[in-house]
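Rule-based calculations on the coordinates, nothing more; no lab input. Keep in mind it's a predicted model, so treat the numbers as computed, not measured. As a convention, Cβ positions derive from the backbone with ideal geometry for all residues, glycine included, and neighbour counts pool all protein chains shown.
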Amino acid sequence: MLLPGLLIGAIVALLFAVLMARVPSGPLAALWSALSGRNTHIASEGSVIERIQRLQRMETVVYNMDKIVTGEKDNPLLPDFIAGDRLLMVVHGQVVAGIDFTRLKNSDIKIQGKEIHVHLPNSQILITRLDNARTKVYSRNTGILVRVDPNLESQVRQEAEGELLQEAAVGGILNNARDNARVTVTSLLLGLGFEKIEVD
């Protein structure tokens, strides 16, 4: 008779746990929270800011791009095969965008009970860089009467960085950076116990 009694007791305990877990609020919910040890801790505005600021200057999106960029110098009086200098470069680069969470201010966070609204700082371009290992001069044509201009390659690289940045901006990199940051912050706030979260 002992085994059936234990089985009935286990079933009753399971039904009680399921019932209590479905109670949203009130004394029964408080009792269940105390018994189960699953207290929800809602942080203050100051502690929320501190937790988000720990993310610091966060890179949230990276654009990898390949381009062919040309640079040339010519002479208005002589043809290129005599006095021209033309360079063709295959460029691989990255544009990295994200958010500097250290710029978050107290006024950017509003808390009411288990609801929170967070206004993020503006997303920004953090890094534009060329991959030197994969960026190479594909061809170089120099006129027979001129020397190779040592500055032309550097100028083409600078132009390439500017074009990469422009293409990333047109491609919506800042919006993507903000969207990804919104997901990260929302996940963080859920972990702090908030139930209704608005991040913009």
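Calculated FRET efficiency, GLU72 to ASP200, Cβ-Cβ distance, R0 = 41 Å: about 0.30 to the nearest 0.05.
Normalised by 2.2 N^0.38 Å, where N is the number of residues, the C-alpha radius of gyration of the range 41-199 stands at 1.57.
For LYS136, a cut-off of 29 angstrom between C-alpha atoms picks up these lysines, skipping any fewer than 8 places away in its own chain: LYS67, LYS73. Here the range 123-194 is assigned +1 on the Cβ of each Lys and Arg and -1 on the Cβ of each Asp and Glu. Its dipole about the Cα centre then comes out at about 160 debye. For LYS196, a cut-off of 29 angstrom between C-alpha atoms picks up these lysines, skipping any fewer than 8 places away in its own chain: LYS105, LYS110, LYS114. Each residue of the range 180-186 is assigned a 3J(HN,Hα), and the resulting list reads 5, 5, 4, 5, 4, 5, 4 Hz, derived from the Karplus form 6.51 cos²θ - 1.76 cosθ + 1.60 (θ = phi - 60°), x at Gly and Pro.
For the range 108-118, putting each phi into the Karplus relation 6.51 cos²θ - 1.76 cosθ + 1.60 with θ = phi - 60° gives couplings of 7, 10, 10, 10, 9, x, 9, 9, 9, 10, 10 Hz, in residue order, rounded to whole numbers and with x for Gly and Pro.
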